[in-house]
Amino acid sequence: SLVLEDGELRWPPPPGVIPAANTKTSVDKDTKKETGPLDLYEPTKQNAITTSAAIAGTLLVGAASPNAAFSSMLTKFGLASICGYQTVWGVVPALHSPLMSVTNAV
């Protein structure tokens, strides 16, 4: 955005150097072998095990809780933790700096 430098007109800027096109990528695409369909068994199995463990843990905590108030508070804490995590990580990274500067100013 430099227009004048020491009284000399610098606008429009001089044309930049355009890099040469990379032809190696087109060759790599041609030599790539066809692979079969993706095997989704392992990721699906791991997801099912994790979900089952979370449900079993929740049932165990509920069964071992001393009273209903404890279960209620623990459930609210868990839901608030999940919502807070999703809220914080859902912010676009470009907004973190202005958001944090306003938060720190308060």
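Is there a residue being within 31 Å of the chain's Cα centre (by Cα) and at pLDDT below 85 anywhere in region 9-21? No, region 9-21 contains no residue that is within 31 Å of the chain's Cα centre (by Cα) and at pLDDT below 85. Exactly one residue out of THR31, THR75 is modelled with pLDDT of 85 or more, out of contact with any Cys (no Cβ under 7 Å at 6 or more places or on another chain) and of a type in the set (Val, Ile, Thr), and it is THR75. Just so you know, in region 38-65 the residues that are of a type in the set (D, E, K, R) and outside any loop (DSSP other than H, G, I, E, B) include one that is surrounded by the fewest Cβ atoms within 10 Å (Cβ to Cβ), and it is GLU42.
The values are calculated or read from the model by the stated rules, or taken from the named source; none is laboratory data. Small disclaimer: the values here were computed from a predicted structure and weren't measured. In this analysis, Cβ positions are derived from the backbone assuming ideal geometry, glycine residues included, and neighbour counts consider all displayed protein chains.
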